[in-house]
Amino acid sequence: MRETRSDGELLRAIAADGDRRAFEELYRRYAPWLAARLRGRCSDAGIVDDVVQETFLAVWRGNARYREEGDVAGWLWRIGSRRLIDALRSDGARGRMRQALARLRHRDEASAEERVLAGVEHGDLAGALVRLSPELRAVLQATVIDGLTTREAAVLLGIPPGTVKTRALRARKQLREALA
């Protein structure tokens, strides 16, 4: 019986030898997770599928190099989230995304990310996050949790970069006041 290889071993085998089995194992390990995470940001299944494929294609071709810092899931998320932003910049995708977001804004059910943010159980942070407006929470999620730049968050949220900066400042100020 063969031992399961670590993420680092898989990536080294892919980079050094173009090991197809290593690539397939990495894909099976992370593609469903990445797709689910991207669906939280984009309701267009076609775009999400394309972004997952482009992410792993970048790994296979060596366009994205893992530097053995941090975990592989985070590294793949950074690649995928940036690919998603690129996809959303295209004119056709932008229109579809606006329509999907408009439909989502009117539903009452909280997203998984909102539930996670609200469920943080360290001190009074959960209560402070719940009291933030959805717009401020969305900016914090994009910039702090997902690690997107102001410009990337602006594209993802469909607002100007200056608005992202202003909302981030307001959110941080409100959190500081609530936690003081």
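Please list, ordered by residue number, the helices (runs of 4 or more DSSP H) wholly in the range 1-71 having 3 or more residues that are modelled with pLDDT of 85 or more and of a type in the set (Val, Ile, Thr). Talk me through it step by step, then tell me what you get.
Details: elements: 7-17, 20-39, 45-61.
Correct list: 45-61.
Just checking, how many residues over the range 163-172 are open to solvent by less than 40 Å² (accessible area, probe 1.4 Å) and farther than 24 Å from ARG83 by Cβ? Steps first, answer last, please.
In the first step, residues of the range 163-172 are kept if they are open to solvent by less than 40 Å² (accessible area, probe 1.4 Å); the result is 164, 168, 171.
When the remaining residues are screened for being farther than 24 Å from ARG83 by Cβ, the result is 171.
The qualifying residues number 1.
Taking the range 145-156, which residues are surrounded by fewer than 20 Cβ atoms within 10 Å (Cβ to Cβ), at pLDDT 80 or above and not in a loop (DSSP other than H, G, I, E, B)? Give the steps one after another, and end with the answer.
Our first condition is that a residue be surrounded by fewer than 20 Cβ atoms within 10 Å (Cβ to Cβ); within the range 145-156, this holds for 145-147, 149-151.
Those still in the list that are at pLDDT 80 or above too: 149-151.
Scanning the range 145-156 gives THR150, ARG151.
Tally up the residues in the range 26-39 that are open to solvent by 40 Å² or more (accessible area, probe 1.4 Å) and either out of contact with any helix residue (DSSP H, G or I) (no Cβ under 6 Å at 6 or more places or on another chain) or of a type in the set (Phe, Trp, Tyr) (or both), please. Lay out the reasoning, then the answer.
Of the range 26-39, the ones open to solvent by 40 Å² or more (accessible area, probe 1.4 Å) are 27-29, 32-33, 36-37, 39.
Those left that are additionally either out of contact with any helix residue (DSSP H, G or I) (no Cβ under 6 Å at 6 or more places or on another chain) or of a type in the set (Phe, Trp, Tyr) (or both): 27-29, 32-33, 36-37.
Residues flagged as open to solvent by 40 Å² or more (accessible area, probe 1.4 Å) and either out of contact with any helix residue (DSSP H, G or I) (no Cβ under 6 Å at 6 or more places or on another chain) or of a type in the set (Phe, Trp, Tyr) (or both) within the range 26-39 amount to 7.
Which of the residues spanning the range 147-172 are polar (S, T, N, Q) and in contact (Cβ under 8 Å) with a residue 12 or more places away in the chain? Show your work before the answer.
Restricting attention to the range 147-172, the residues satisfying the condition of being polar (S, T, N, Q) are 149-150, 163, 166.
THR150, the sole residue that qualifies.
The values are calculated or read from the model by the stated rules, or taken from the named source; none is laboratory data. This one's a predicted model, so the numbers in the text were calculated from it and none came from an experiment. Neighbour counts run over all protein chains shown; Cβ positions are idealised from the backbone, glycine included. Areas reflect the complete protein model, heavy atoms only, side chains present, ligands, DNA and RNA absent. Shrake-Rupley method; radii C 1.70, N 1.55, O 1.52, S 1.80 Å.
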